[in-house]
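Each reported figure results from applying straightforward, stated rules to the coordinates on display, with no laboratory input. Being a predicted model, the structure only gives us computed values, none of them experimental. Note: ideal-geometry Cβ built from the backbone for every residue, glycine included; neighbour counts use all protein chains shown.
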Amino acid sequence: MDSSKVNLFYLDEGNYIFSASLPVAYRELYENIKGCCVNYSQGVTGVLLSDAIRYSIETKGCILNTRLEEKASGFGKRDIKGTYLRITLGQRLGKSPGVPYVLEILPKGHYSPVHNHGNANAIIKVLFGSIHFMIYNKHVCATDSKPLKEFSAMKGDITCVDRNWYQTHKLINKSNDLCASIQCYNYDLEDKTHWPYFDYISNNENMAECMPDSLDVVKCMKIL
Ligand SMILES: [Fe+2]
C-alpha cells in the first residue's frame, strides 16, 4: 500500500507492506511503476489498449494469437492454456533476469507453470482484470505440490516477490477476461552471482530453465 494512503486503522491492522518501508531494491521498482496503467484516454490513443490486446489474442493471424500458438508447446507437451505473453519494456540493464520491466498478459483461463524468479526481487502491479496467485515453497520440485498460500489480486493491487519469500509461484487467470500486469525485477545489491533464468517445473516433473524472452514491444504495439 502506498504510504500516502495509510490511515490509523491500516497502521493498527498490519495487513499491508507500506511503500516507505520497502527495501531499497523494491522501492526503485515500486516508484517507477506505481502510476502505470493499460488504458489511457481513448481521445489520446483512439482505442483502448485492452480492447486491442483482446482482439489480437482472439483473432487468428493477429500477432498475439500467433505468438500464443507458437508458445503452446514451449513448456513440454502442447497446452494452449499454459501460455502467456511477455512484452518487454525498454532494454536489459544487467541487474535482473532479462529486461527488468515486463507487461505480462494472461488470456482468460490461461496459467503459468510453477516457476521461480532466479533469486530476483519483483514488484507486480495488476493493470487490468484480476489474477490468482499460488505461492509455493521456494524449492518446490513437483507439479502436484500444495501451495503454501493463495490469493487473488485485482486491478490496482501491487504485490512483491522477494529473493527468499514468495520466490516461487504459479499465476492463473480465473476470470472471464484477459489480465494484464506489469512485472519488474532486480537482483539484491549483495547478490553477486546472477542467475539469468526462471526455473520451472516441466510437464515431466523435471526442473527446467526458461530464459525470460518476449515479444518486441514496438512491433507488438504497431500491429495492435
Ligand atoms: Fe512469475
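Points to keep in mind about this one:
- Under 5 Å, built H, 5+ apart or other chain: amide partners of S130: none
- Rough spin-label spacing in nm, given labels placed 7 Å along Cα→Cβ, for S3 and Y55: 4.3
- With K and R counted +1 and D and E -1, the other residues having a Cβ less than 12 Å from that of Y84 yield a net charge of +4.
- Annotation note: chymotrypsin sites (Phe, Trp or Tyr not before Pro) in region 1-74 located in DSSP loop regions with a Cβ neighbour count of at most 16 within 10 Å are Y16, F18, Y40.
- Pair A72, V24: separation of 7 Å Cα→Cβ label points (nm): 4.8
- The label point for L89 and the one for D157, both projected 7 Å from the Cα toward the Cβ, are 2.0 nm apart.
- Local net charge near S50, Cβ-Cβ under 13 Å (Lys/Arg +1, Asp/Glu -1): 0
- Interchain or long-range residues, amide H under 5 Å from S73's placed H: D79
- Were the residues from Q42 through L11 laid out at 0.36 nm apart, the gain over their Cα-Cα distance would be 7.3 nm.
- Entries in K95/K149; K125/K149; K77/K155; K5/K146; K34/K60 that, when Cα-Cα distance is taken, lie over 30 Å: K77/K155; K5/K146; K34/K60
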